[in-house]
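Asks: Just dropping this structure here.
The values are calculated or read from the model by the stated rules, or taken from the named source; none is laboratory data. What you see is a predicted model, and the numbers here were worked out from it, not measured in a lab. Virtual Cβ from ideal backbone geometry, glycine too; neighbours counted across all protein chains shown.
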Amino acid sequence: MKTTMIIYESHHGSAKKAAMILGTIIGNSRVFAVDEAPEIITFDHIVIVFSFYGLGTAKATVEYLKKIKDQVTEKPLAVIGIGLARADLPGFSKKISEAIDEKEFESFFSEGELRISKLTDLERAQLANFYERYGMELVDNGNFDTAAVADIGEKLMLRYQIPKKPLPKELLKVAIENFIKTHNTVALATGKGDWIRCTPLEYLYLNGVFYIISEGGLKYKGLWQNENISAGIYDEFHTMSNLKGMQITGKAEFVKIRSKEYLDVFAKKNISQKKLDQLPVTLYLIRINPVKYEMLNSAFKKDGFDVRQILDLSEKKACK
Ligand SMILES: Cc1cc2nc3c(=O)[nH]c(=O)nc-3n(C[C@H](O)[C@H](O)[C@H](O)COP(=O)(O)O)c2cc1C
């Protein structure tokens with residue numbers, strides 16, 4: 001398991017809020033205010049979040065980084081600037097870069113917020129001066145952009161949560177298939193916009209594809225408008241040393257009624273076309289094509305691998 005240290009320097013809360021959001025999405029992380037950050041670094045990744053603050057920008061962060069720079073030379077680092085003017089990011093990132101001997105990192109910007117009522121008298125005077133110089137009035141400005149911070153979090157999470165000790169692909173495939181074949185129920189989430197629905201359903205797994213027979217229902221509302229699904233298959237939780245479950249990311253679609261594929265799946269369930277015709281209602285069929293599996297299995301650890309393993313089927317296609 002790889003771990004992430006998130007350090008923030010914030011004056012009025014925007015950068016702190018961004019750091020907290022990043023911590024939850026990246027996972028296996030700890031968030032520290034820069035003045036409480038450790039000087040011995042045991043984490044695999046470092047994320048720096050700071051707010052733009054004129055000449056005082058990232059002052060404490062720069063001091064901190066100078067102290068720990070020798071420990072982070074080999075570690076991936078990401079920098080997130082929170083402010084009003086995106087154009088200020090390169091200049092402020094340069095300050096960070098100089099503190100760590102020009103080590104390379106990726107930097108991101110996300111909009112913060114300036115609320116006049118929160119400012120100290122000194123800050124208000126400083127900013128009023130600055131705004132006046134540009135013929136502008138000092139008023140509330142900016143809106144904290146949760147979606148932008150969450151997108152940065154997703155990007156970093158996908159990059160960081162790659163197993164340190166990956167299971168060989170063929171073994172992982174076997175473990176995934178065994179798990180799927182020894183279970184029969186999936187929690188399927190479909191949705192569109194703010195409409196989300198998670199439905200527990202029985203599945204059939206044939207040739208790497210999941211089929212779900214259903215009499216219909218609200219899950220189709222999401223499916224007809226958005227083919228992307230997320231699904232979970234899991235064992236009941238007992239202890240952390242006995243975890244087993246998987247998340248499936250995939251694309252789902254409606255299988256044409258009475259098509260060969262439709263009839264073949266029902267035949268596997270010993271339901272003939274004649275039987276289907278005699279039913280008072282139509283049975284519908286969903287096909288889920290998995291794109292990615294994320295599997296959690298404590299048993300992997302006993303064999304010297306990470307508990308969490310990823311099988312990305314889209315990578316395979318891209319390499320072809
Ligand atoms: C004294 C002061 C100086 C600021 N300087 C800048 C600046 O140089 N560039 C910018 O884009 N925003 C600047 N801002 C706006 C802040 O970056 C913005 O309000 C941010 O959301 C603050 O984050 P925080 O709440 O984490 O401190 C400044 C704000 C204050 C109070």
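Asks: For the structure I just gave you, tell me whether Y234 is more than 27 Å from A175 (Cα to Cα) and of a type in the set (F, W, Y). Show your work before the answer.
Replies: Details: more than 27 Å from A175 (Cα to Cα): no; of a type in the set (F, W, Y): yes.
Spelling it out, it is not the case that Y234 is more than 27 Å from A175 (Cα to Cα) and of a type in the set (F, W, Y).
Asks: While we're looking at this one, here's another question. Pick from L206, L188: which is of a type in the set (A, V, I, L, M, F, W, C), surrounded by fewer than 16 Cβ atoms within 10 Å (Cβ to Cβ) and touching a Lys or Arg at 6+ places or on another chain (Cβ under 9 Å)?
Replies: Values: L188 fails: surrounded by fewer than 16 Cβ atoms within 10 Å (Cβ to Cβ).
Among L206, L188, only L206 is of a type in the set (A, V, I, L, M, F, W, C), surrounded by fewer than 16 Cβ atoms within 10 Å (Cβ to Cβ) and touching a Lys or Arg at 6+ places or on another chain (Cβ under 9 Å).
Asks: Kindly indicate whether E137 is more than 9 Å from the ligand (Cβ to nearest atom) and under 18 Å from the mean Cα position of the chain (by Cα). Outline the logic, then answer.
Replies: Working: more than 9 Å from the ligand (Cβ to nearest atom): yes; under 18 Å from the mean Cα position of the chain (by Cα): no.
Against the criterion (more than 9 Å from the ligand (Cβ to nearest atom) and under 18 Å from the mean Cα position of the chain (by Cα)), E137 does not qualify.
Asks: Now, a different point. Name every residue in region 264-283 that is under 20 Å from N207 (Cα atoms) and surrounded by fewer than 16 Cβ atoms within 10 Å (Cβ to Cβ), in order of residue number.
Replies: First pass over region 264-283, keeping only residues under 20 Å from N207 (Cα atoms): 264-271.
Once the filter is applied, which keeps residues that are under 20 Å from N207 (Cα atoms) and surrounded by fewer than 16 Cβ atoms within 10 Å (Cβ to Cβ), region 264-283 yields D264, A267, K268, K269, N270, I271.
Asks: Right, here's the next one. Exactly one of (1) near the ligand (Cβ under 10 Å from one of its atoms); (2) small (G, A, S); (3) touching a Ser or Thr at 6+ places or on another chain (Cβ under 6 Å) is unmet by A148. Its number?
Replies: In the conditions (1) near the ligand (Cβ under 10 Å from one of its atoms); (2) small (G, A, S); (3) touching a Ser or Thr at 6+ places or on another chain (Cβ under 6 Å), A148 misses (1) alone.
Asks: Turning to a different aspect of this structure: Search region 7-20 for residues that are under 8 Å from V49 (Cα atoms) and outside the structural domain of I152 (by TED's automatic domain parsing) and pair each with any residue that is surrounded by fewer than 18 Cβ atoms within 10 Å (Cβ to Cβ) and of a type in the set (K, R) when their beta-carbon atoms are under 6 Å apart and the residues are at least 6 apart or on different chains.
Replies: No pair meets every condition.
Asks: Among the strands (runs of 3 or more DSSP E) confined wholly to region 126-240, which include 2 or more residues that are within 30 Å of D44 (Cβ to Cβ) and touching a residue at least 12 places away in the same chain (Cβ under 8 Å)?
Replies: Working: elements: 185-192, 195-202, 204-206, 209-214, 228-234.
So the answer is 228-234.
Asks: Identify, please: which residue in region 1-60 is within 12 Å of the ligand (Cβ to nearest atom) and within 16 Å of the chain's Cα centre (by Cα) and is, among those, nearest to T73 (Cα to Cα)?
Replies: Selected residue: A19.
Asks: Now, a different point. Mind listing just one residue for me: the one in region 103-125 that is more than 8 Å from the ligand (Cβ to nearest atom) and part of a strand (DSSP E or B) and, of those, surrounded by the most Cβ atoms within 10 Å (Cβ to Cβ)?
Replies: Once the filter is applied, the top-ranked residue is S110.
Asks: Go through the residues of region 88-96 one by one and say whether even a single one is of a type in the set (F, W, Y), within 16 Å of S10 (Cβ to Cβ), in contact (Cβ under 8 Å) with a residue 12 or more places away in the chain and within 14 Å of the ligand (Cβ to nearest atom).
Replies: The answer is yes; a qualifying residue exists.
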